[in-house]
Each structure stands twice: as C-alpha cells, then as structure tokens.
Amino acid sequence: SQTIHQWPATLVQPVGSPLSLECTVEGTSNPNLYWYRQAAGRGLQLLFYSVGIGQISSEVPQNLSASRPQDRQFILSSKKLLLSDSGFYLCAWRGAGYNNEQFFGPGTRLTVL
Amino acid sequence: EDQVTQSPEALRLQEGESSSLNCSYTVSGLRGLFWYRQDPGKGPEFLFTLYSAGEEKEKERLKATLTKKESFLHITAPKPEDSATYLCAVQAWNTGNQFYFGTGTSLTVIP
C-alpha cells in the first residue's frame with residue numbers, strides 16, 4: 001500500500017531564516033506530487049505541483065520554491081521566510097492515471113516569528 | 001473563474017440528527033468531485049470521488065451525491081466521532097492536474 005510522509009511535523013522559524021520541508025511517497029511510481037498551504041479558516045491553496053522529476057509548476061508567486069530531486073521526493077524551500085509564510089503545509093500525491101484522487105500527508109505546521 | 005463554495009461554514013448537530021452539507025461548483029467541464037474529512041491538525045482523509053451527475057457513493061453513515069451544479073454529503077444518524085471538517089474539491093477538464101478546494105464545513109456532533 002502507498003504511504004506519504006512529511007517532516008518535520010512542526011517547525012518554528014524566525015523571519016528571514018531558510019526553510020526546507022520534505023515529502024516522500026512509498027509504494028507507487030511516477031506519482032503527481034503537490035504542495036498546498038492551508039491558512040486558518042481558508043481553503044487549501046495550491047503552491048506547486050510536479051508530474052515528474054525536475055518538472056515543477058508554480059501556481060502562486062511567492063518567496064517559496066519546490067524541487068523534485070527523485071521520483072517520490074518533493075521538497076518545499078525558501079531562502080528567507082516571511083511572517084505570512086506561517087501556515088499548515090500539506091503534501092499530496094496522485095496516481096499518474098486518469099481521474100485519480102489525491103492522498104494527503106500528515107502536514108507540517110510552520111510558525112514564523 | 002472556477003470556484004468551489006461549501007455551506008454551511010459550521011454545523012452543530014445532536015447525535016442522531018441527520019443533515020446534509022453542500023458543495024456548489026462552477027467549473028468548465030467537471031472531471032471529478034472529491035470529498036475529504038479533516039481532523040484538527042491532520043491532513044485531509046479521502047472519502048469519495050464522484051464523476052457524473054446522478055452518481056452516489058456511500059460509506060457507513062455518509063452518502064455523497066452529485067448534480068450538474070452541486071454535491072451533497074448526507075450524514076445519517078451522526079455520532080460524535082463524525083465531528084470534523086469536511087472538504088470538497090473539484091478537478092476540471094481544462095485545468096489538468098489542478099484541484100480546487102472549498103473552505104470546508106466544520107461539523108460538530110454533540111452527544
């Protein structure tokens with residue numbers, strides 16, 4: 001069966017510091033991978049998605065970036081965090097086939113102080 | 001612009017009191033509609049996928065239905081453990097790999 005991992009689970013970082021969040025998927029090959037941010041009282045905001053190694057699509061202009069160095073690894077990064085980057089970050093995977101639903105990881109709670 | 005609207009924002013039910021949650025959508029060609037359950041501090045848990053108007057899916061006390069403009073999540077005789085936020089998402093033919101999420105309905109079931 002497939003599983004998705006995210007770490008760290010929680011993170012408190014000062015403004016201006018760098019960020020690296022990691023997501024890995026097990027039990028599937030060539031998944032579509034997604035990064036979302038969920039702010040309190042708001043829906044999931046799609047940040048990035050990837051259909052393959054090195055292929056990244058960005059949906060929202062911001063100081064975040066994403067990379068996919070391996071088939072089942074997706075990384076969210078920032079060189080300098082802003083207060084507005086605080087939120088709940090979710091990674092999701094979807095099978096590369098037709099009309100497949102997304103499955104989410106446990107999330108990372110990021111607080112920027 | 002593609003949009004997903006969920007109502008109500010919050011719902012409090014007595015245990016055993018059945019009700020429905022609504023998800024209305026405006027997309028140019030629905031490819032799929034998805035329901036998720038999210039507990040506080042956790043990632044969304046997949047519940048159902050609906051593809052075409054008239055389709056229904058059931059799981060325990062939950063039943064999801066789909067029309068051309070909206071979907072309903074019916075909760076029959078809810079229990080306190082059904083308390084969670086329920087999210088709806090849609091995928092459209094013209095947006096490929098993207099999914100659009102509503103802001104969710106926060107359900108509280110009181111014993």
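Quick note: the coordinates plus some simple rules give every number you see, no bench work behind them. Source: prediction; values computed, not measured. In this analysis, Cβ positions are derived from the backbone assuming ideal geometry, glycine residues included, and neighbour counts consider all displayed protein chains.
Assigning unit charges at the beta carbon (Lys, Arg +1; Asp, Glu -1) and nothing else, what dipole magnitude in debye, to the nearest 20, does the protein assembly as shown show about its Cα centre?
On the way: 19 positive and 20 negative charges, 79 e Å.
With only Lys, Arg, Asp and Glu charged at Cβ, the dipole is about 380 debye.
Simple rule: put +1 on each Lys or Arg Cβ and -1 on each Asp or Glu Cβ in chain B, find the dipole, and look at B:Gln6, B:Ser52, B:Val109; the Cα lying farthest toward the positive end is B:Ser52. At q = 0.12, 0.22 Å⁻¹ the log10 of I(q)/I(0) for segment A:3-112 amounts to -0.37, -1.23, computed by Debye summation with a single uniform scatterer per C-alpha, solvent ignored.
Starting from the eigenvalues of the Cα gyration tensor, five times each then square-rooted, give me the equivalent ellipsoid semi-axes of segment B:3-110, largest first, whole Å. Mind dumping the intermediate values first?
On the way: eigenvalues 110, 40, 26 Å².
For segment B:3-110, the ellipsoid semi-axes come out as 23, 14, 11 Å.
Ordering A:Ile53, A:Ala92, A:Ser20 by Cα displacement along the dipole of chain A toward the positive end leaves A:Ser20 in first place; charges were set at the Cβ atoms of Lys, Arg (+1) and Asp, Glu (-1).
Around the Cα centre of chain A, unit charges on the Cβ atoms of Lys, Arg, Asp and Glu (plus for the first two, minus for the last two) sum to a dipole of about 240 debye. Annotation for segment A:14-57 versus segment B:17-95: alpha-carbon center distance of 23 Å. In this Cβ point-charge picture (+1 for Lys and Arg, -1 for Asp and Glu), chain B has a dipole of about 140 debye about its Cα centre.
Summing +1 for each Lys or Arg and -1 for each Asp or Glu, what net charge is found among the other residues whose Cβ lies under 14 Å from the Cβ of A:Pro8? Walk me through the intermediate numbers first.
Details: positive: A:Arg109; negative: A:Glu22.
That sum, taken over residues with Cβ under 14 Å, equals 0.
Determine, for A:Thr3, A:Thr24, the number of other Cβ atoms within 10 Å of each Cβ, and report the residues in order from fewest to most. Please list the in-between numbers first.
On the way: A:Thr3 12, A:Thr24 18.
In increasing order of surrounding Cβ atoms, one gets A:Thr3, A:Thr24.
Each Lys or Arg adds one and each Asp or Glu subtracts one; over the other residues with Cβ under 12 Å from the Cβ of A:Gly87, this totals +2.
Excluding residues fewer than 8 places away in the same chain, name every one of the lysines whose C-alpha is closer than 26 Å to that of B:Lys57. In chain and number order, the partners are B:Lys42, B:Lys68, B:Lys69, B:Lys79. The mean number of Cβ atoms from other chains found within 10 Å of a Cβ in peptide B:99-108 is 3, as a whole number.
Distance between the modelled labels on B:Arg31 and B:Lys69, one decimal in nanometres: 2.5 nm (7 Å Cα→Cβ projection).
Within 12 Å, Cβ to Cβ, of A:Leu33, how many net charges do the neighbouring residues add up to if Lys/Arg are +1 and Asp/Glu are -1?
+1
Distance between the modelled labels on A:Ile53 and A:Asn30, one decimal in nanometres: 1.3 nm (7 Å Cα→Cβ projection). Per residue of A:24-36, other chain Cβ atoms within 10 Å of the residue Cβ number 1 on average. If R0 equals 25 Å, the separation of the Cβ atoms of A:Gln62 and A:Ala9 corresponds to a calculated FRET efficiency of about 0.65.
If N is the number of residues in the protein assembly as shown, what value comes out of its Cα radius of gyration divided by 2.2 N^0.38 Å?
Against the compact-globule rule of thumb, the ratio is 1.02.
Counting, for every residue in A:39-52, the Cβ atoms of other protein chains within 10 Å of its Cβ and taking the mean gives 3.
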